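Nothing in this text is a laboratory measurement; each read-out follows from the coordinates by a stated rule. Worth saying up front: this structure is predicted, and the values here are computed from it rather than measured. Here the Cβ positions follow ideal geometry from the backbone for every residue, glycine too, while neighbour counts run over all protein chains shown.
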Amino acid sequence: MIKLYKLIANCLGIGYVKGGGTIAALVCCVIWYLARAVVSLPVVAVIITILVILIGVFVSDKVEPDWGKDSSRVVIDEVAGMCISLLLIPVELKYIAAGLLLFRVLDITKPLLIRKMEALKGGWGVMMDDVLAGIYANLIMHIIVQNNLF
């Protein structure tokens, strides 16, 4: 089972690539954009995002004994954060690009209590910093969209 957990945690191998977090977030953006043609109900996006978070907590916790605390190989946290960044935002390339940029800047710099989330135990510590970065990015994106800032 541990091999399956690792495969999920590193998103089918993306976590082994240099810059895997950014690549995982970018792949998430591409899938999010392409999925709009199939799934247009916001509730589906919310359910998928919640599932990614819960699965991410579980598998991150399972791989931690082998890979160490918050291993760079675990990139499902970036996928969860990216999904949150895009929730209820119009699925347009300009907004997806802005959401990606905002999320990655917040995830890398970890301002506004984001870094403190890493202190949580196990999979929660792996996931919650990205969840909070995604929430902040989403709030900023809503301001951008509501005020037609671009």
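Below are the figures for this structure:
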quantity	calculated
Kyte-Doolittle at least 1.0, axis length at least 20 Å by Cα - qualifying DSSP helices, the chain	20-35, 42-67, 93-109, 122-146
Order of ILE89, ILE47, ILE96 under a 10 Å beta carbon neighbour criterion, fewest first	ILE47, ILE89, ILE96
Region 1-88: relative contact order in percent, alpha carbon pairs under 8 Å with at least 6 residues between	50
Residue-averaged 222 nm ellipticity for the chain, from DSSP H runs of 4+ at -39500 (n - 2.57), nearest 500	-23500 deg cm²/dmol
Flagged links, alpha-carbon separation over 18 Å, of LYS69/LYS116; LYS6/LYS110; LYS62/LYS110; LYS6/LYS69; LYS18/LYS116	LYS6/LYS110; LYS62/LYS110; LYS18/LYS116
The chain, relative contact order in percent, only Cα pairs under 8 angstrom and at least six apart counted	29
Compactness relative to 2.2 N^0.38 Å, alpha carbon Rg of region 70-150	1.08
Least to most buried among ILE135, ILE53, ILE2 (fewest other Cβ within 10 Å first)	ILE2, ILE135, ILE53
Contour excess over end-to-end distance, with Cα ends at ILE50 and ILE108 and 0.36 nm allotted per residue	18.7 nm
Point-charge dipole on Cβ atoms (K/R +1, D/E -1) for the chain, about Cα centre, debye to 20	140
Region 1-131 shape via C-alpha gyration tensor axes, a/c threshold 1.5	prolate
Neighbour-count ranking [beta-carbon atoms within 10 angstrom, fewest first] of VAL75, VAL17, VAL131	VAL17, VAL131, VAL75
